[in-house]
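Participant: Dropping the structure in here first, questions after.
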Amino acid sequence: MPFYEHVYLARQDLAPAQVESITEAFTKVITDNGGTVAGTEYWGLRNLAYRIAKNRKAHYVLLNIEAPAGAVQEMERQVALNEDVIRYQTIRVDALEAGPSAMMKKSDRSERGPRGERGDRGDRGDRGDRGPRPERAERAPREEGNW
């Protein structure tokens, strides 16, 4: 059977429990039509790049699916009918990822700190003296109003 990755965005005013129930409904559609959902990932409430149907944020969910094409088409039909889903996309892939998706790895990186595992920049060496600062009169004058 072919593999698919399906991502959908749910409205921002839903509770995470409601998003989970929507995910379960889509999973049931797949299993009823002879497929399996290998895994689900809830990526959380994230900012959108632009407004979609008056929403500035959305709940992101990923489904890894192994199912026949008919099951995926039926699930997409159900997703399109659902008022709580504002966008969705299904992509056929050659194989499903074994570990966490790139989005989940990205959140792991933010937990390690702003520089990831690299840590601080270390000793930068001696830069030497910058020399004396020029007196006020030697510096270029500022124009009024151009700050």
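Participant: In the stretch 70-78, is there at least one residue being of a type in the set (Asp, Glu) and surrounded by fewer than 16 Cβ atoms within 10 Å (Cβ to Cβ)?
Facilitator: Step one: filter the stretch 70-78 for residues of a type in the set (Asp, Glu), giving 74, 76.
Imposing the further condition that a residue be surrounded by fewer than 16 Cβ atoms within 10 Å (Cβ to Cβ) reduces the set to none.
No, the conditions are met nowhere in the stretch 70-78.
Participant: Return yes or no: is THR90 buried (at least 16 other Cβ atoms within 10 Å of the Cβ), touching a residue at least 60 places away in the same chain (Cβ under 8 Å) and part of a strand (DSSP E or B)? Write out each step before concluding.
Facilitator: Working: buried (at least 16 other Cβ atoms within 10 Å of the Cβ): yes; touching a residue at least 60 places away in the same chain (Cβ under 8 Å): yes; part of a strand (DSSP E or B): yes.
So THR90 fits the description; yes.
Participant: Please tell me if ARG56 is at pLDDT 90 or above, in contact with a Leu (Cβ under 7 Å, 6 or more places away or on another chain) and part of a strand (DSSP E or B). Even if it seems obvious, please write down each step before you answer.
Facilitator: Working: at pLDDT 90 or above: yes; in contact with a Leu (Cβ under 7 Å, 6 or more places away or on another chain): yes; part of a strand (DSSP E or B): yes.
Spelling it out, ARG56 is indeed at pLDDT 90 or above, in contact with a Leu (Cβ under 7 Å, 6 or more places away or on another chain) and part of a strand (DSSP E or B).
Participant: Follow-up. Every residue in the stretch 1-21 that is free of Cβ contacts under 8 Å to residues at least 12 places away in the same chain and within 24 Å of GLN73 (Cβ to Cβ), please.
Facilitator: SER21, the sole residue that qualifies.
Participant: In the stretch 3-25, how many residues are assigned to a loop (DSSP other than H, G, I, E, B) and charged (D, E, K, R)?
Facilitator: Going through the stretch 3-25 one residue at a time, the tally reaches 1.
Participant: If MET75 passes every condition in (1) at pLDDT 70 or above; (2) out of contact with any Leu (no Cβ under 8 Å at 6 or more places or on another chain); (3) under 22 Å from LEU45 (Cβ atoms) but one, which one does it miss?
Facilitator: Of (1) at pLDDT 70 or above; (2) out of contact with any Leu (no Cβ under 8 Å at 6 or more places or on another chain); (3) under 22 Å from LEU45 (Cβ atoms), only one is false for MET75: (3).
Participant: Could you say which residue among LYS28, LYS106 is at pLDDT 90 or above, among the basic types (Lys, Arg) and part of a helix (DSSP H, G or I)?
Facilitator: LYS28
Participant: In the list ARG77, ARG56, ARG46, ARG51, which residue meets the criterion of being of a type in the set (D, E, K, R) and touching a residue at least 40 places away in the same chain (Cβ under 8 Å)? Steps first, please.
Facilitator: On the way: ARG77 fails: touching a residue at least 40 places away in the same chain (Cβ under 8 Å); ARG46 fails: touching a residue at least 40 places away in the same chain (Cβ under 8 Å); ARG51 fails: touching a residue at least 40 places away in the same chain (Cβ under 8 Å).
So the residue among ARG77, ARG56, ARG46, ARG51 that is of a type in the set (D, E, K, R) and touching a residue at least 40 places away in the same chain (Cβ under 8 Å) is ARG56.
Participant: Within the bounds of the stretch 22-41, is there any residue that is without any contact (Cβ under 8 Å) to a residue 60 or more places away in the chain, touching a Lys or Arg at 6+ places or on another chain (Cβ under 9 Å), under 15 Å from TYR88 (Cα atoms) and surrounded by 15 or more Cβ atoms within 10 Å (Cβ to Cβ)?
Facilitator: Within the stretch 22-41 (the criterion being without any contact (Cβ under 8 Å) to a residue 60 or more places away in the chain, touching a Lys or Arg at 6+ places or on another chain (Cβ under 9 Å), under 15 Å from TYR88 (Cα atoms) and surrounded by 15 or more Cβ atoms within 10 Å (Cβ to Cβ)), the answer is no, since none of the residues qualifies.
Participant: Within 24 Å of ALA102 (Cα to Cα), in contact with a Gly (Cβ under 9 Å, 6 or more places away or on another chain) and hydrophobic (A, V, I, L, M, F, W, C): which single residue out of ILE52, ILE65 fits that description? Before you say what the answer is, go through the steps one by one.
Facilitator: Details: ILE52 fails: in contact with a Gly (Cβ under 9 Å, 6 or more places away or on another chain).
None of the other options fit; the residue is ILE65.
Participant: May I pose another question? Look through the stretch 49-69, keep the residues that are crowded, with 19+ Cβ neighbours inside 10 Å and small (Gly, Ala, Ser), and return whichever of them is farthest from GLN12 (Cα to Cα).
Facilitator: ALA67
The values are calculated or read from the model by the stated rules, or taken from the named source; none is laboratory data. Bear in mind that the values here come from a model prediction, so they are computed numbers and not experimental data. Neighbour counts are summed over all protein chains in view; Cβ atoms, including those assigned to glycine, are modelled from backbone coordinates with ideal geometry.
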